[in-house]
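For reference, the structure is listed below as C-alpha cells.
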Amino acid sequence: MSRYKCKICGYIYDDDKENIKFIDLQENFNCLSCTAPISLFEEIENEVEEFSKDELDNAIKISKDNISIERLVEKCINCGMCMNICKEKQGIKDICMGRACINCGQCIQVCPTGALIPKRDKDNLKKAKEDGKILIAYTSPSVRVALGDEFGLEKGEFVQGKLISSLRKIGFDYVLDVTFGADLTIMEEANELVRRINSNEKLPMFTSCCPAWIKYAEMFYPEILSYISTCKSPIGMMGEIVKNYFTMKNNIDKNKVFTVAITPCTAKKYEVARDEIGGTDLVITTRELADILKEENIDFKSLQDSNYDSLLSEGTGSGMIFGNTGGVMEASLREAYYILTGKNLEKTKLEFNSVRGMDNVKEASIKINNIKLNVAVIHKMSSAIPILEEVKNGTSKYHYIEIMNCEGGCIGGGGQPKIINGKEIEVKQKRIQALYNRDKSNKFRFSHENPDVIMVYNEFLGSPLSKKSEGLLHTKYEDKSHLIDSYLLVVK
Ligand code: SF4
Ligand code: SF4
Ligand code: SF4
C-alpha cells in the first residue's frame, strides 16, 4: 500500500483507492484538492506500530510512541472499561487504539486499577531546572477548581492562590495565567467568526481549542477541516506570546526560557508537539502536578495564597469560563456582540443559560442586530457525529459550533484528578459552578477589557487578525486519515 501526501494542503493520494498508481500518473497531474503540481507530493511511510507483547483482549492498545498516555500492563485486569469509553463516548468507532488515539485520556479516568496514567514528564522539568533554565509556568482555568481534590479539600474548591504558591515552591521563576491566553483566543476567534458571517463563507465555524477534537476531525472528517477556526488554543497562543513578547518586555533571553503549561488535559501533550504549534516546552497535567507536590512533601492545604506575576496575569470572566462546556461559545458571543454593535451586552443578558449545563448537545438561537445566529455546543466526541455528518453533507443549520471532547469540558479532562464513588456529575458541576462564580465576581467580564490584552495588541500584535496575529496565533490542520490505516495495518 503506497500513499503520497500533497505538501501544500495535506491531500492524500492513496494507490489502493485510485485506479491509477501514483508512479504512473502523468507529469501534468495536479492535486485533486488544491491543484498543486505533482512535484509537491511526497510519499508517506507505512509505519507499523509497536505494542507491548503482553496485551490483553479487552484493553485498549496504547502505541509505544503515544505522547499522552501509558499503560502499566502489570496492573491491567482486562476489565474492558477503557475500550468501552473509547468506543462509546469518544466515538473512535471500531478501531479504538494505536495511533488512531485522540490522546484525550478519558480511558485513564475510568481505569479502576491505575493501569492507565498520563505520560509522566516530571523528569523533563527536573532536567530543565538542573540546566539552569528560567522556568515559566502558565495554568489553565480548570486546574484551579480540581487540584484541591488531590489534597482532601472540598470538591470544586477554587485554589488559585495555593496553586500559584505551590508552583513557586517547586522552582518556577514566573507563574502566569492561561486565562490571558483564553482572552486572546476569544479576541481572535470572535473576529474570525464575524469575518466569516459578513462574507457568508465557511459556516458553520467550529471552535478549535480542544486538540482531541482537532485530531478527531483530522482523522475522521478531513472534509470539514476548513470549517474549523484557525485560532490556536489558549495554550498555543500563550506559548507564542510568552516566548516572543513576555521575554522581550522582561529583558529575558528567550533561549534560556523553559515554558510549562499546567493543564487538565493529556491531549495538550500531543498538541504542543505538533510542528505548527510553538512556544510551550512541556505540558504537566493536574494529576502529575499533585504527584510532584506530594513527592516534594509540600503541604498544599497550608500554603499561603500567592498572585500571578504581573503582565499576562489573571484574565477576565470570559477567559475563566473556557474550562466549562459552553464557555468558549459564551465568551465568543459576548465578544461578537461587542464587535457587531460597538457596545457591551447588558449585565442581565451576559450569561447564556441555554449553552450551559450537562446536556451533551445544547442549541440556541441568538439575535445580534439583524443577524440570527444558530449555535450548538457539544461535549463528548461521539455526540458530535450526527452534526459533523450534516456539515459534511452541507445540510447544517448552524453558524457556530463548539466541540469539546471531555464531558463537562476541560474541568473533566483526562489529566484531572479522578472522580470516584460514581459522583462524576456532582463533582463536575461543582467545578463548573466554581468557574462561573469567578466569572460573576470578576471586575472584567469581556476579553477586550483585559488590560494585558489591550497592551499586547497596542505594543506588539496591532489588532486581531493582523498579519502578525495571523502568523503567531493561527494555525492549519491536515488530513490524518492515514493514522486509521496505520492501525488497521497492524490488526489485519
Ligand atoms: S486517550 Fe482517548 S482516544 Fe486514546 S485510547 Fe484513551 S479514550 Fe481512546
Ligand atoms: S480499564 Fe484499566 S484495567 Fe481495565 S482493561 Fe483497561 S487498562 Fe486494563
Ligand atoms: S475538552 Fe479540554 S481537557 Fe478535554 S481534551 Fe479537549 S482541551 Fe483537553
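The values are calculated or read from the model by the stated rules, or taken from the named source; none is laboratory data. This one's a predicted model, so the numbers in the text were calculated from it and none came from an experiment. FYI the Cβ positions are ideal-geometry reconstructions off the backbone, even for glycines, and counts take in every protein chain you see.
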Checklist entry - Does G414 meet the test of being assigned by TED's automatic domain parsing to the domain that holds I321, assigned to a loop (DSSP other than H, G, I, E, B) and surrounded by 24 or more Cβ atoms within 10 Å (Cβ to Cβ)? => result yes
Checklist entry - How many of the residues in the range 98-126 are surrounded by 21 or more Cβ atoms within 10 Å (Cβ to Cβ) and either at positive phi or more than 11 Å from ligand 1 (Cβ to nearest atom) (or both)? => result 5
Item to check | Within the range 193-208, tally of residues that are of a type outside the set (G, A, S) and either without any contact (Cβ under 8 Å) to a residue 60 or more places away in the chain or in contact with a Pro (Cβ under 8 Å, 6 or more places away or on another chain) (or both) | outcome: 5
Checklist entry - In this structure, does F180 turn out to be part of a helix (DSSP H, G or I), more than 16 Å from ligand 3 (Cβ to nearest atom) and farther than 30 Å from P222 by Cα? => result yes
Item to check | Selected residue [on the phi > 0 side of the Ramachandran plot and exposed (fewer than 14 other Cβ atoms within 10 Å of the Cβ)] from G409, G422 | outcome: G422
Item to check | Residue identified as surrounded by fewer than 15 Cβ atoms within 10 Å (Cβ to Cβ), at pLDDT 85 or above and touching a strand residue (DSSP E or B) at 6+ places or on another chain (Cβ under 7 Å) among N78, N30 | outcome: N30
Checklist entry - Quick one: which of N437, N442, N405 is touching a helix residue (DSSP H, G or I) at 6+ places or on another chain (Cβ under 6 Å), touching a residue at least 60 places away in the same chain (Cβ under 8 Å) and under 26 Å from L345 (Cα atoms)? => result N442
Checklist entry - So which of I241, I277 is assigned to a loop (DSSP other than H, G, I, E, B), of a type outside the set (F, W, Y) and buried (at least 17 other Cβ atoms within 10 Å of the Cβ)? => result I277
Checklist entry - Among (1) more than 19 Å from M381 (Cα to Cα); (2) within 16 Å of ligand 3 (Cβ to nearest atom); (3) touching a Lys or Arg at 6+ places or on another chain (Cβ under 9 Å), which single condition is M219 missing? => result (1)
Checklist entry - If you go through the range 338-390 one residue at a time, how many are among the aromatic types (F, W, Y) and in a helix (DSSP H, G or I)? => result 1
Checklist entry - Is it fair to say A128 is away from ligand 2 (no atom under 16 Å from the Cβ) and either in contact with a helix residue (DSSP H, G or I) (Cβ under 9 Å, 6 or more places away or on another chain) or closer than 22 Å to G105 by Cα (or both)? => result no
Checklist entry - Can you spot a residue in the range 239-261 that is closer than 17 Å to A212 by Cα and more than 16 Å from ligand 2 (Cβ to nearest atom)? => result yes
Checklist entry - Any residue in the range 101-115 that is of a type in the set (S, T, Y) and either more than 16 Å from C410 (Cβ to Cβ) or without any contact (Cβ under 8 Å) to a residue 12 or more places away in the chain (or both)? => result yes
Item to check | Exclusive hit being out of contact with any helix residue (DSSP H, G or I) (no Cβ under 7 Å at 6 or more places or on another chain), surrounded by 19 or more Cβ atoms within 10 Å (Cβ to Cβ) and either at pLDDT below 95 or among the basic types (K, R) (or both), set K269, K256 | outcome: K269
